[in-house]
Structures are given as C-alpha cells and as structure tokens.
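Everything on this sheet refers to the single structure shown next.
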Amino acid sequence: MTLTFEDKLRNYARLAVQVGLGVKPGQRVLVQAPVDTAPLARLVVREAYAAGASFVDVRWDDDDVMLARFELAPDGTFETLSQWRVDAELETANAGGAVIAIRATDPNLLGKVDQARVATYQKALATYRRPYSQQVMTNRLNWNLISAPIPAWATLMFPDASAETAVEQQWDAIFAATRADQPNPVAAWQEHLAHLKRRRDTLTGKQYHALHFTGGDTDLTVGLADGHSWGGGAADTPGGITFTANIPTEEVWTAPHRGRVDGVVVSTKPLSYQGVLIDGIRIQFKGGRITNASATQGQDALTRMIATDEGSHRLGEVALVPASSPISRSGLFFFNTLYDENAASHIAIGSAYRFNVQGGVDMTLDDFLAAGGNDSLTHVDWMIGSAQMDVDGVARDGKREPVMRAGEFVI
C-alpha cells in the first residue's frame, strides 16, 4: 500500500492525538503551533474533536515576530511577558485538559542577537511559567511535543536543496522517524511502547547506584537518585490517562543524584538552544556540580544557561538511547532536540522529573532534594552518546556490569 503525503500527514496528526495526547472524551485541548505549521495544526484540531475533545483552541507563534523583538525592542523590556499566552497553558491544565506543542523554529534564529536579552527573557518566562512546568514535571496532565518542517529549519538540514525540496525531504525524515509512513502507525507505536516499557522496567529493577560512561573524551560517573524509577515511552496521569510526551521517542531515562556526578563529559552532537547553536560542549563535574564548562561554538549561550540558577549547575536527567535507533540510523542531524536526543544517549542540565524518584510526585521539595532529585527553572538535554560509548551499571557495593557496549544495550 502506497501512502500519499496527505495520508501520512493525517497519520501524523492522529498519532499526536491518540498516542501522544491520549485525548479522552470531554477534555479540552490547547494546541501551540508556529504559523508556518498551520496545515498540521488544523488536522490536530480535527483529530482532537474526533477523539471527543469538548473544546480545542490554538495559540499561534511566529519566528519573525520573536526575532523582531530581540533585534529592535529597547533595553530593559525583556522581562515583559504576554501573560495571557502563558496563562493559556495553566488554564487548560487546571481544567483537566491536554496541551500539545508543535515545535518548529529556525535553529539559528537568535544566534546574532544580544544573548543577555535572550537570557533575561527566558528566565522571566521560566519563572512565570513555573506553576505549569511543575504540572508537566509531575505528569499531572497529558501533554505532547511533535514537530513539523519550516523552510529555515529544513534548508539547514538539507543545505544543498531548494527550500521547497528541503521541506519535502524534512517531511520524509519526520514521517519515517515517527512511523507515520507506515500503514498502521498506531499499532506500530503500541509495539514500540511495549518494548520501551520492558527496558525501563528492567533498569528500574536493577537499582544501580551509578552509571559510568566511557568513550572518546568522556569519563563520567553519574550517581542515581535514591529509589529512582526509569521512564520511557508512555506514562499515566493521576487520573489514568495514558499519553506519550514525545513523538518520536527512543529513550529510557531516570533522575541522577544531584550530589553524585563526577568526571568529564563531551557532547557528541551540537545543541540547538533558544535559537543558538552550541557545539563542542565539554563539562567537568565534581560532587554533582559543574566546575568548568566550555564550547567551541555558542560559549556565551552555554554560560548563561548554566547560570540560570543553582539547579542549572547540576543534572536532572540521564537517558540511554541505542546507537542503532532509527533516528541515528538515518544519519541526519535535525538541529532539534526532540529528534536529536533520540539518536544518542544524553544528559540534561536542570530540573529532574518528580516521577523519576519513587514517591517523588508527593514529596516536599526538601525531601525530593534529599533523595537526590534536582530543581531548577530550566531543563536542557544534550547528546553524549555514540557508537563508541560504553556504559556500566555500578551497584552500591561497587560491583559492575555492562549496560551498553559500543552504544548498544547488552541487558
């Protein structure tokens, strides 16, 4: 059966709603979308109503509007927020609704603007958005991230193609990565999610004291939070709604211990962060805290990201991804963390997900920190895995066993 582009696009929208959000009858839904992705956003709206949503609203974004502000607005204005735009997320969550974001932006959008302006705005946004972010970090609502091509992003991925051809090639890459090009993508995702669940259950049962990463210039020991749980694939809200936060997803992940990370780690792929490309990241940890950080490109953005608060000097996530994942096998670099983090094992600077510590959702912040969890205004994933990376699981008594060899799982 040959699928047309329209078939694949409908599959993609259906996956986002049925597998990603898991929309239930009577739920309201908020769709956040760049204006360039309107055709997909409109299909998501229709699929949400078909799934029984009671009300679906769209909050539109635009790269050029954002860029104009950072280029032309006067100094001293970058703590100003359109609160109603942020309030839409919290209003939806508090009403028991679901939130889906279509993430698509030019990875170099803000690369030439004053990074102090960007950092000021991002910190103000993260601070105001915190009540909603806390619901996301505890799986209090069903939420989902997907993406879609825009010309500036597509031509960066495929620099030798015309803008029109680059967008077509990027759609092909997205459809392949998300299984939307298969005749029954929902069934394919159910099989994939079951596989991820088996892997996360195995790792949770191991209760390693630490993971040791070695490969290339990386020699990093990541202690794991007390009573940690591994996530991966689908999750459940307290009300029993099953959702898959990221499409695509190939990872299993858990919470590092905020006070037990030591060694040196080097990135294996660039990081697209807030419109700036950061490459050649090299970070040293001692006692859980970053003691030195450098980048061959985007040093200022990296420094400001780490300086967000105390929690951004520590790790909030460690994730394992096989080097043979479909996105890795594609040989493509997406300049988009939603995709690139599913091509390589990675770590995240900043806040930990509460559900990665057993009982963490209901803990006080002090108890969560005591268990090793981390708290921050930010959470930024960056890639450290490769086909040369070995990972050992270290037990509390110091005994070791292989978890990954040459980038592939052996447990």
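The values are calculated or read from the model by the stated rules, or taken from the named source; none is laboratory data. The structure presented is a predicted model; accordingly, all values stated were derived computationally and were not measured. FYI the Cβ positions are ideal-geometry reconstructions off the backbone, even for glycines, and counts take in every protein chain you see. The accessibility values were calculated without ligands, DNA or RNA, using every heavy atom of the protein model including side chains. Shrake-Rupley method; radii C 1.70, N 1.55, O 1.52, S 1.80 Å.
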Residue match in segment 127-139 (condition: touching a strand residue (DSSP E or B) at 6+ places or on another chain (Cβ under 8 Å) and part of a loop (DSSP other than H, G, I, E, B))
yes
Of (1) open to solvent by less than 20 Å² (accessible area, probe 1.4 Å); (2) in contact with a helix residue (DSSP H, G or I) (Cβ under 6 Å, 6 or more places away or on another chain), N356 satisfies all except one. Which?
(2)
Within segment 226-244, is even one residue open to solvent by less than 40 Å² (accessible area, probe 1.4 Å), of a type in the set (A, V, I, L, M, F, W, C) and within 24 Å of G311 (Cβ to Cβ)?
yes
Which residue out of V186, V118, V167 is β-branched (V, I, T), under 17 Å from L332 (Cα atoms), touching a residue at least 12 places away in the same chain (Cβ under 8 Å) and assigned to a helix (DSSP H, G or I)?
V167
From S312, S267, S345, S328, residue being open to solvent by 10 Å² or more (accessible area, probe 1.4 Å) and either among the acidic types (D, E) or in contact with a strand residue (DSSP E or B) (Cβ under 8 Å, 6 or more places away or on another chain) (or both)
S267
Is there a residue in segment 18-35 that is of a type in the set (A, V, I, L, M), closer than 20 Å to I150 by Cα and touching a residue at least 40 places away in the same chain (Cβ under 8 Å)?
yes
For segment 369-397: of the residues being closer than 26 Å to T214 by Cα and open to solvent by 40 Å² or more (accessible area, probe 1.4 Å), which is farthest from the chain's Cα centre (by Cα)?
D397
Segment 388-411 - residue that is among the aliphatic types (A, V, I, L, M) and at pLDDT 95 or above and, of those, farthest from D309 (Cα to Cα)
V410
Can you tell me which of K24, K8 is open to solvent by 10 Å² or more (accessible area, probe 1.4 Å) and under 20 Å from E168 (Cα atoms)?
K8
Condition first: under 18 Å from N356 (Cα atoms), in contact (Cβ under 8 Å) with a residue 40 or more places away in the chain, assigned to a helix (DSSP H, G or I) and open to solvent by less than 20 Å² (accessible area, probe 1.4 Å). Can you find one or more residues in segment 189-200 that meet it?
yes
Residue ID - most open to solvent (accessible area, probe 1.4 Å), chosen from residues in segment 41-92 that are more than 25 Å from the chain's Cα centre (by Cα) and under 29 Å from V23 (Cβ atoms):
R46
In segment 359-368, the residues that are crowded, with 17+ Cβ neighbours inside 10 Å and either over 16 Å from W253 (Cα atoms) or aliphatic (A, V, I, L, M) (or both)
F368
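Would you mind stating whether V410 is over 30 Å from T155 (Cβ atoms), among the β-branched types (V, I, T), surrounded by fewer than 19 Cβ atoms within 10 Å (Cβ to Cβ) and free of Cβ contacts under 8 Å to residues at least 12 places away in the same chain?
Taking the combined requirement at face value, the residue satisfies it.
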Go through segment 62-85 and report how many residues are under 20 Å from Y273 (Cα atoms), in a helix (DSSP H, G or I) and of a type outside the set (F, W, Y).
8
Number of the condition not met by T155 [criteria: (1) farther than 18 Å from D61 by Cα; (2) open to solvent by 50 Å² or more (accessible area, probe 1.4 Å); (3) part of a helix (DSSP H, G or I); (4) of a type in the set (S, T, N, Q)]
(2)
Exactly one of these conditions fails for A301: (1) open to solvent by less than 10 Å² (accessible area, probe 1.4 Å); (2) modelled with pLDDT of 95 or more; (3) at negative phi. Give me its number.
(2)
Kindly check whether there is at least one residue in segment 272-283 that is farther than 30 Å from T155 by Cβ, surrounded by fewer than 23 Cβ atoms within 10 Å (Cβ to Cβ) and touching a strand residue (DSSP E or B) at 6+ places or on another chain (Cβ under 6 Å).
no
